[in-house]
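Shown next, in structure tokens, is the structure this report addresses.
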Amino acid sequence: MDRYKIKIKVKGIARWLVAMSTLCALLAWPVSIYAFPDTGHLVAGESALMADPVKEIQSPKAQHKKKLAVIIDDLGNKMEGTDEIMSMPVKLTVAVMPFLQTTQQDAKRAHEQGYDVLLHLPMEPKRGRPEWLGPGAILTKMSDEEVRKRVEAAIDNVPYAVGINNHMGSKVTADERIMSIVLDICKERGLFFVDSKTNYRSVLGKLCEQKGLPQVYNHIFLDDVASNDHISRQIGKVSEWLKSHENCVTIGHVGSRGKKTASVLRRSIHTLQQEADFVGVSDLAREQQKPDFIFP
Ligand SMILES: [Zn+2]
């Protein structure tokens with residue numbers, strides 16, 4: 001055989017080999033899926049991963065990003081239910097009273113847990129015992145200077161505080177002189193004020209608007225009556241509220257009812273997550289940030 005004929009023969013064999021290997025690959029392809037189920041599973045897994053965002057866009061439940069801020073008041077005094085509140089699997093906000101035995105510890109612990117911390121500022125109520133107020137309370141008879149001094153000292157006493165809300169305060173939150181001083185300090189310090197709404201005549205909405213501060217207020221008290229049934233009903237009201245509003249602020253407490261509030265809240269997390277994301281109350285304040293008021 002001369003060289004030319006050998007070349008032709010080699011070319012022919014090569015073509016035949018390419019054709020056969022292509023045919024084998026085609027025949028083997030469906031077999032490989034069954035022979036290596038893991039590979040098939042991986043492929044299925046990947047496609048499921050890719051489909052998720054699409055599902056998210058299509059699902060009306062997943063599409064909304066409503067926000068729920070749960071504030072727990074009255075920390076700072078070794079209160080019952082503190083441990084239970086500090087170990088929730090979702091973001092909460094805790095309001096810590098100043099100048100008490102666990103003020104620093106509770107604020108630090110909440111911050112490390114990723115919660116928002118508020119200064120829970122004691123303010124004179126229309127009715128109620130003065131001893132319920134705690135140290136450093138703001139009273140309507142105080143001078144402008146005394147109010148300023150007390151508010152500043154209280155802010156300095158609660159580490160990590162990003163805002164303030166009122167403990168009691170049905171009298172003070174209706175007092176324009178005092179609230180104006182408190183809100184001026186908020187503005188200077190880059191804090192916001194959450195109105196617990198202990199008085200429907202509160203001047204906070206009007207003053208925050210005038211001063212360009214965010215308007216954040218409580219919509220629903222969770223545990224104004226200390227029974228599991230009542231707290232569950234209030235959680236139901238939170239869900240209802242969220243069906244027709246973009247966000248909800250709800251307030252519960254540690255203390256004598258603390259363990260009940262914590263246990264009902266923990267049981268309700270999954271249901272509430274169907275309606276909204278758990279956020280810190282600072283997320284709601286930040287949404288209303290104005291150019292002349294920026295959080296630090
Ligand atoms: Zn309180």
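A few comments on the model shown:
- Scanning region 220-249 for residues that are in contact (Cβ under 8 Å) with a residue 40 or more places away in the chain and part of a helix (DSSP H, G or I) turns up V238, L242.
- Residue match in region 92-99 (condition: without any contact (Cβ under 8 Å) to a residue 40 or more places away in the chain, within 16 Å of the ligand (Cβ to nearest atom) and over 23 Å from S202 (Cβ atoms)): no
- Restricting attention to region 183-203, the residues that are outside any strand (DSSP E or B), away from the ligand (no atom under 16 Å from the Cβ) and touching a Lys or Arg at 6+ places or on another chain (Cβ under 9 Å) total 5.
- For region 251-286, the candidate set comprises residues that are more than 19 Å from S87 (Cβ to Cβ) and among the hydroxyl-bearing types (S, T, Y); within that set, the residue that is nearest to the ligand (Cβ to nearest atom) is S256.
Per-residue answers, yes or no, for (1) within 25 Å of the chain's Cα centre (by Cα); (2) at pLDDT 95 or above; (3) surrounded by fewer than 10 Cβ atoms within 10 Å (Cβ to Cβ); (4) more than 27 Å from E275 (Cα to Cα):
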{"position": "A19", "(1), (2), (3), (4)": "no, no, no, yes"}
{"position": "A25", "(1), (2), (3), (4)": "no, no, no, yes"}
{"position": "P30", "(1), (2), (3), (4)": "no, no, yes, yes"}
{"position": "P53", "(1), (2), (3), (4)": "yes, no, no, no"}
{"position": "S59", "(1), (2), (3), (4)": "yes, no, no, no"}
{"position": "K66", "(1), (2), (3), (4)": "yes, yes, no, no"}
{"position": "P98", "(1), (2), (3), (4)": "yes, yes, no, yes"}
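- Checking P125 against (1) within 15 Å of the ligand (Cβ to nearest atom); (2) outside any loop (DSSP other than H, G, I, E, B); (3) touching a strand residue (DSSP E or B) at 6+ places or on another chain (Cβ under 8 Å), the condition it does not meet: (2)
- Of all residues in region 156-172, none are hydroxyl-bearing (S, T, Y), crowded, with 22+ Cβ neighbours inside 10 Å and within 15 Å of the ligand (Cβ to nearest atom).
- The listed residues are L191, L183, L139, and the only one of them that is among the hydrophobic types (A, V, I, L, M, F, W, C) and in contact with an Asp or Glu (Cβ under 7 Å, 6 or more places away or on another chain) turns out to be L139.
- Close contacts from region 115-134, counting a first residue that is free of Cβ contacts under 8 Å to residues at least 40 places away in the same chain and a second that is part of a strand (DSSP E or B) and near the ligand (Cβ under 10 Å from one of its atoms), with Cβ to Cβ under 7 Å and a gap of 6+ residues or different chains, come to W132/M168; L133/P122; L133/M168.
- The single condition from (1) in a loop (DSSP other than H, G, I, E, B); (2) at pLDDT below 95 that M142 fails is (2).
- Search result, residues across region 71-99 that are assigned to a loop (DSSP other than H, G, I, E, B) and either of a type in the set (F, W, Y) or under 14 Å from G255 (Cα atoms) (or both): G76, N77, K78, M79, E80, G81, M97, F99
- Answer residue from region 100-122, given it is part of a loop (DSSP other than H, G, I, E, B) and out of contact with any strand residue (DSSP E or B) (no Cβ under 7 Å at 6 or more places or on another chain) and is farthest from the ligand (Cβ to nearest atom) among those: G114
- Answer from E246, E240 - the residue that is of a type in the set (D, E, K, R) and under 29 Å from M179 (Cβ atoms): E246
- A residue that is within 18 Å of N77 (Cα to Cα), of a type outside the set (D, E, K, R) and surrounded by 22 or more Cβ atoms within 10 Å (Cβ to Cβ) can be found somewhere in region 135-143.
- When restricted to residues that are under 17 Å from S170 (Cβ atoms) and acidic (D, E), region 185-233 contains 2.
- Criterion: surrounded by fewer than 22 Cβ atoms within 10 Å (Cβ to Cβ) and more than 29 Å from M79 (Cβ to Cβ) - qualifying residue of K259, K237, K211, K197: K211
The values are calculated or read from the model by the stated rules, or taken from the named source; none is laboratory data. Quick caveat: nothing in here was measured; it's all calculated off a predicted structure. Virtual Cβ from ideal backbone geometry, glycine too; neighbours counted across all protein chains shown.
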